[in-house]
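Everything below concerns the one structure shown next.
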Amino acid sequence: MSAVSTQSVPQGKSLGASLGASLGASQGISLGSCATGPKIVQERGQREVFCGLTGIVWLHRKIQDAFFLVVGSRTCAHLIQSAAGVMIFAEPRFATAIIDERDLAGLADIDDELDRVVTRLIERRPDIKLLFLVGSCPSEVIKLDLSRAAQRLSQQMTPNVRVLAYSGSGIETTFTQGEDACLSALVAQAQRADAAQKPSLLVVGALADAVEDQFRRLFAQMGIERVDFLPARRAADMPMIGPGTKFLLAQPFLTDTARALEALGAQHLPALYPLGAEGVAEWLRAAARAFGVSRETFEAVIAAPRARAEKSLERWRPHLAGKRVFFVPDSQLEPPMARFLARELGMEIVEIGAPYVDRRRLAEELALLPPDTPIVEGQDVERQLDRLRAARPDLAVCGLGLANPLEAEGFATKWSIELVFTPVQGFEQAGDLAELFARPLMRRELLEI
Ligand code: SF4
């Protein structure tokens, strides 16, 4: 096993995407429905998505004293390096421990090899306080037990370093599930708060620091005293969790994390997701209600930023209203994005494809979608592309692997991964979010002239 950090890598579509795509090979389509919401069609076939390792790209920036050690192949190393880029002035906070032929042939004890790599890393990097061992397709295929390795290494390195494990593999997952798996691992190891502890608000989902600061200010103005964010910026600041914890999801793809929080007694506050002026207002309102904030105080606190958000959308509405948008499954952000585009910018939704649709955590979003919007859970990429070509939407929101071929066919596209990389939550970011969708349309209009 050898460790690889940053170095130049080939450009272009990663093998990670193609391997992830080749693994969901069962064919078929079936009808499903949600007891309280619109009909959702389920589709199973070849997928075209990135794997959960991609989450390291934003998580390593968020948790400032964490390190992500992928235990995988050279393909995994290439994926993560191409996605995260090379940091020239800072030491990288991710690397890949490559499983090589000696490990696979049993010529080396893989646990010993991993211990050696981790020990060397921690000796060289005393700034690391939280180490994630990130599983991959290869480590799962050879049944490498990274949870046990994390426990063993954590015991050896306590109290200086905590070691956790999660899976970022591309076997039956999509790229945002990497964050869900990472946050679930943090919840499993979180300190328990007892029932006597004062109620606290927990915002769950990695947010840009500037967005987090804006939300903190709004909650403070409402008088909500105890607010934590998961993940915290530093390992030592990870929140305590218990029956007094009420949590808002900042991202719709955190199903397992939400379940883990509920298992510890925490209470989910159902709400729209904080995208667009309406989404942010309703998301904040859920917290205000749960913490007994008066209606007057709530309205006074959000009045000015909501007005700014609504104003910022005006600029982009002429470019988007009446335009038809098609979502190809990728980020799991598709339903809330579609709600935002339809209700606040007047776009027409042709189809919402999403890798997974958690009906419970998306109930508020699904209820606000235009009636009869086709929603497809899962993917059969060829069938979906056929429908897209037949519908000729003005804009296709899709993964990187599909964007270039679709552009070549004359479609305007938006990479859905940008919706995760870019700060888009919150009132102050509403205009930026609309701009992300408007730019490709404006560019195409210019080209057509
Ligand atoms: S985890 Fe799997 S899908 Fe992701 S880069 Fe590694 S081999 Fe490819």
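The values are calculated or read from the model by the stated rules, or taken from the named source; none is laboratory data. On a predicted model such as this, the values are computed, not experimentally measured, just so you know. Methodologically, a virtual Cβ is constructed for each residue, glycine included, from the backbone with ideal geometry; neighbour enumeration extends over all protein chains shown.
General remarks:
- Residue within segment 239-246 that is without any contact (Cβ under 8 Å) to a residue 24 or more places away in the chain and either outside the structural domain of R361 (by TED's automatic domain parsing) or in contact with an Asp or Glu (Cβ under 8 Å, 6 or more places away or on another chain) (or both) present: no
- A search for C-beta distances below 6 Å between a residue of segment 256-267 that is farther than 23 Å from G168 by Cα and any residue that is crowded, with 20+ Cβ neighbours inside 10 Å and not small (G, A, S), counting only pairs 6+ apart in sequence or on different chains, returns L264/I241; A266/I241; A266/T245; A266/F247.
- Which listed residue, of E428, E445, is assigned to a helix (DSSP H, G or I) and over 16 Å from A210 (Cβ atoms): E445
- Scanning segment 144-179 for residues that are farther than 26 Å from L202 by Cβ and within 16 Å of the ligand (Cβ to nearest atom) gives L144, L146, S169, G170, I171, E172.
- One residue alone among Q197, Q221, Q177, Q189 is surrounded by fewer than 21 Cβ atoms within 10 Å (Cβ to Cβ) and closer than 17 Å to F132 by Cα, and that residue is Q189.
- Residue in segment 398-439 that is surrounded by the fewest Cβ atoms within 10 Å (Cβ to Cβ), counting only those that are more than 19 Å from L385 (Cα to Cα) and in contact with a strand residue (DSSP E or B) (Cβ under 7 Å, 6 or more places away or on another chain): L436
- Set C182, C137: member being within 16 Å of the ligand (Cβ to nearest atom) and over 17 Å from the mean Cα position of the chain (by Cα): C137
- Options V57, V70: the member that is modelled with pLDDT of 75 or more, of a type in the set (V, I, T) and under 25 Å from R361 (Cβ atoms): V57
- There is at least one residue in segment 308-315 that is closer than 30 Å to A220 by Cβ, more than 25 Å from the chain's Cα centre (by Cα) and part of a loop (DSSP other than H, G, I, E, B).
- Checklist (1) surrounded by 21 or more Cβ atoms within 10 Å (Cβ to Cβ); (2) modelled with pLDDT of 90 or more; (3) in a helix (DSSP H, G or I) applied to Q81, failing item: (2)
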